[in-house]
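Data first, discussion second: the structure below is written as structure tokens.
Each reported figure results from applying straightforward, stated rules to the coordinates on display, with no laboratory input. Owing to the predicted nature of the structure, the values given are computational and were not obtained by experimental measurement. Cβ placement follows ideal geometry from the backbone for every residue including glycine, while neighbour counts extend to all protein chains displayed.
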Amino acid sequence: MKQSLITVILVLLTYVTLNAQDQRIADSLKLVYAADTLNDAGRLKVLNGLAFNEINDMPLALSYAEEMVQLSSKLDSLGWLGNAYLQKGYILLELGDLDAAAETFYLSAEAAKKNGEKLEEGAAMVALADTYAEAGEHHRSEQSYLNSIALLRHPEVQDSIQGIRQLAVALFNLGDLYLSVKEPAKAQKCLREAGSLFDKAGDKTASFSVIGNMGRSYAGLGDYQKAEAHLLRAIDLLTEVEYFGHVSAYQESLAELYLQTGDYKQAHQVALKSLNTGRKLGDKPQISKSSKILARLDSITGNYQEAYEHLNLHMAYKDSMDLATVDMTRLEREKAELQVQKQESELQLQAVQQKRQQLTIWAVGITALLLTVIAFGSYRRYRFIRNTNQIISEERDRSDNLLQNILPKQTAMELKKLGRVKAQRFDEVSVLFTDFKGFTSHAESLDPEKLVESIDYYFSHFDTLMDKYGLEKIKTVGDAYMCASGLPYPSDDHAQRIVEAALEILEFVEAAKKVDSEDHVRFDVRIGINSGAVVAGVVGTKKFAYDIWGDTVNIASRMESASEEGKINIAENTYELIKNDFNCEYRGNMEVKNRGKLNMYYVLGKKFKAQTA
């Protein structure tokens, strides 16, 4: 009987990713797991089910996924390995470890690619894009979504319902990303195609969510009538199928819409519904957002006590999510004291009425005055707390922005959370150095202020290229500028992106010579690039500095010093990665310590590939 039950469970586990998570399945599979009577293939299926369905104990789910990775690696099964990494990535995402989740999804995509599974590779790339979006890395997120969409459009993938649905998910999530960065026109294009694909796949719930996001896009375009119609329809349809997670979000969007159009009564009613829905779901971010809208509405309409309470609710949930601290105990104590004052006033009034009926008019007057004082005090306390919370929030944002200007975003988050940063090894990274010709001689003769302004003119533009190509600025030393590609998130096009940035640096430096310099110095620049493994981490305990080390960095520096002004000199490691995309010229070799002779190449420009029909 037990063996037949195990067989049924294993058959069901083949389709586990098509079903919703169910803790009861995990609890049943724990008995099979503990019995330890399965062969390796059967154990993989059980581990897959455990990792997917264990929702009460996420560290335990992570241990199942890690065991699944080890076992599939031992069996040399790329199909299982890709799925194992995917399961592990989603668990890490749930635990909030975005760095590790992104790296794990990347490994899942690589395993699926090696195994020739386009659908699985596309799914992993969508998960990677979702992680970048969660981390606020919008450029990387958009590029990953676009790459996954191109892969999922392959006819081989679109032959199945799963492939159609996965492409629809990628388009929907990309549309959601465009909404978050205020590009509603781009969002609509993605959402329309996603909606038709969800309809084709028979996924009604997802189609309803497309309608809701279309409403948000119309709001972004200023078409409030269409926005209201779409949001109301999405709320009704999703409520019918009891998909309340998106209902609360669209109620919040509808309340924001009414607030913008001045319909404060409607806005308050809908925002209250959104808050109540969020509370039923235990959705902290949604509770925080809905409470914030209600606080704004109450303040506009003069309901200061309710505004005060909703603001407190918003700050409580916001701070619990940000791991920040606000003295909510003090706020509650002040509210309690206010209530005691009011009760004492009412008791005093009753005593006066019982003893001296003839003084009723005076008692009412005194009570009215006292209540006015209390209300005025409550309003002043509300304004003080609101201003204090705003100052706290602004200072926290300012310190966060300053820290993120010094360190990569995820490194800064790790430092804030743990007080330290663990060093990491990155196997595929490209490193770039620049150096200005003649800087030393100018430094000796030029006014220091003009010299600094001249360097800032160049470095400020270099910084914009870091954002454009998703690179990480490491540091500047004098007139040297150092950056890297492929960290803190791995990417398979790191070399191409850093070479494109280098070409733009050369273009800018050349163009700068033709612009009125206003007595500023104009320089020629040398650039060197190398690719390989590095170790990255934070050094220091007071003035933090994010830095990278290794032979890859040293050779990149040697490439720069061996370059010429107006040239990009790359090592053969980088050349092997970009030779199909860029025209390069061999320019000899140089002796490198512990590496022997290393070939060098000049990058001449990007190759223009012929368009195919």
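DSSP loop (so not H, G, I, E, B), at most 10 other Cβ within 10 Å: list which chymotrypsin sites (Phe, Trp or Tyr not before Pro) in the range 550-613 pass both filters.
On the way: sites: Tyr575, Phe582, Tyr586, Tyr601, Tyr602, Phe608; in loops: Phe608.
When the chymotrypsin sites (Phe, Trp or Tyr not before Pro) of the range 550-613 are filtered for loop state and at most 10 Cβ neighbours within 10 Å, Phe608 remain.
With a cap of 12 neighbouring Cβ atoms within 10 Å, and only residues DSSP puts in a loop, list the GluC sites (Glu not before Pro) found in the range 194-246.
Glu242
Over the range 421-606, what is the percentage of antiparallel beta bridges among all DSSP beta bridges, to the nearest 5?
Details: 38 of 42 bridges.
Counting only bridges with both partners in the range 421-606, antiparallel ones make up about 90 percent.
Which pairs in the list Lys118/Lys204; Lys450/Lys514; Lys30/Lys113; Lys114/Lys186 are over 29 Å apart, alpha-carbon to alpha-carbon?
Result: Lys30/Lys113; Lys114/Lys186 exceed 29 Å.
Looking at this model, which pairs from Lys88/Lys473; Lys513/Lys567; Lys45/Lys88; Lys567/Lys606 are more than 25 angstrom apart at the alpha-carbon?
Where the Cα-Cα span goes over 25 Å, the pairs concerned are Lys88/Lys473.
Please report Rg over Rh for the range 421-606, where both radii come from the alpha carbon positions and Rh follows the Kirkwood definition. List each step's numbers first, then the result.
On the way: Rg = 16.4 Å, Rh = 17.0 Å.
Rg/Rh: 0.97.
For the peptides 201-207, 551-557, 565-571, what is the packing order when you average, over each peptide's residues, the other Cβ atoms within 10 Å and list the highest mean first?
Output ranking for 201-207, 551-557, 565-571: 565-571, 551-557, 201-207.
Under the rule a/c < 1.5 gives rounded, and otherwise a/b versus b/c splits prolate from oblate, where does the range 93-227 land using the Cα gyration tensor?
Note, shape of the range 93-227 comes out oblate.
Could you give the distance between the Cα centres of the range 479-518 and the range 32-74, to the whole Å?
Cα centres, the range 479-518 to the range 32-74: 45 Å.
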